[in-house]
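First the structure, in the form of structure tokens, and then the observations on it.
The values are calculated or read from the model by the stated rules, or taken from the named source; none is laboratory data. Fair warning: this is a prediction, and the values are worked out from it, not measured in the lab. Methodologically, a virtual Cβ is constructed for each residue, glycine included, from the backbone with ideal geometry; neighbour enumeration extends over all protein chains shown. Heavy atoms of the whole protein, side chains included, go into the accessibility calculation; ligands, DNA and RNA do not. Shrake-Rupley method; radii C 1.70, N 1.55, O 1.52, S 1.80 Å.
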Amino acid sequence: MDDYRAKNYTHIPLPLDQKYVNTETGEVHDLAPQQIIHPDASVFTAISHLRGDPFLLVDHRYWYGFEDGEIKWSGRNTDFDRKLGRIISTRHHDPETKRDIANVVRSQGHVGIITLADINSRAAKESIYPVIAELESVFAEKIEEELDEIDIVPYLSSKTIDRWSEAKEEGLGMHISEFMELSEILSVVGDHETLRAKFDYNSKTEFEETGGLVHLRNPIMHLSRTLVHNRKDLQQTVDRIERCKDIIERADRDVILENYSHDPWLSEFPD
């Protein structure tokens, strides 16, 4: 536990006992099965489940047991695994043995923890970025199909127009929509019924609900900005990512948010 205290963690997991400690109150709580996440679960899945839990533990899928009086570990689905069983069920061992077990688990790096702060990491943001990029690509494609460039110019900032002009001077035949900021894109689509219809929006008021997507894009694109400060931000982030997915799918494109080879959420603790 000293390792977690040194890192200023509010919650200290005790996976061998299926418990965790709140360092601020000193209270001990049960560790819920859904707090165990597989290593191949997506960031979106982790974000979604962090809404209801203070932290998640990464299950690196190792088994632990005793062989010739020594603590051993191995990957699952081997004869070694079946012979030794899993150390999580050894709750009746004496405290000294449990400490030895915990030291082995920690030294092998087989227990990882995911907290709210991790959602602001570069890796987490980079995993969400493809959804934003696909959204902008879908919008730009529909704008190019429906509108002349001259009709779009009034919606653009001088910075966007300058980027477009420089590209034209260099002989790049790129449509102006490819230079637009997301806020500009949303304004153009919102003001044109033919474009809204491409995404099955019946009114400008209904489409204006997409405005919050700008608040998702900005911290994703600018790594120094914080994406989530609290659980409320976490909920909004999930809602906005799901809204991106909905719009992309309305344009008959696929987007996968939960990409893993196994269901990463457990209804009960592993045997």
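A few notes on this one:
- When we screen Glu209, Glu178 for residues that are surrounded by 12 or more Cβ atoms within 10 Å (Cβ to Cβ), in contact (Cβ under 8 Å) with a residue 12 or more places away in the chain, of a type in the set (Asp, Glu) and part of a helix (DSSP H, G or I), the only hit is Glu178.
- Subset of region 227-240 (residues that are part of a loop (DSSP other than H, G, I, E, B) and exposed (fewer than 11 other Cβ atoms within 10 Å of the Cβ)): His229, Asn230
- Checking Ala133, Ala117 one by one, the residue that is modelled with pLDDT of 85 or more and open to solvent by less than 40 Å² (accessible area, probe 1.4 Å) is Ala133 and no other.
- Which numbered condition Val189 misses (of (1) modelled with pLDDT of 90 or more; (2) open to solvent by 20 Å² or more (accessible area, probe 1.4 Å); (3) in a helix (DSSP H, G or I)): (2)
- When each of Asp17, Asp40, Asp81 is tested for being surrounded by fewer than 17 Cβ atoms within 10 Å (Cβ to Cβ) and modelled with pLDDT under 70, the lone residue that passes is Asp40.
Per-residue answers, yes or no, for (1) open to solvent by 70 Å² or more (accessible area, probe 1.4 Å); (2) at pLDDT 90 or above; (3) closer than 23 Å to Leu223 by Cα; (4) of a type in the set (Asp, Glu):
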position	(1), (2), (3), (4)
Arg76	no, no, no, no
Pro95	yes, no, no, no
Lys159	yes, yes, yes, no
Glu170	yes, no, no, yes
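- If you go through region 120-155 and keep only what is acidic (Asp, Glu) and not in a helix (DSSP H, G or I), you end up with just Asp148.
- Scanning region 43-58 for residues that are open to solvent by 10 Å² or more (accessible area, probe 1.4 Å) and either at pLDDT 80 or above or in contact with a Leu (Cβ under 9 Å, 6 or more places away or on another chain) (or both) returns Val43, Phe44, Ser48, His49, Arg51, Gly52, Asp53, Pro54.
- Residue check: Ile143 meets all listed conditions (1) over 30 Å from the mean Cα position of the chain (by Cα); (2) in contact (Cβ under 8 Å) with a residue 24 or more places away in the chain but one, namely (1).
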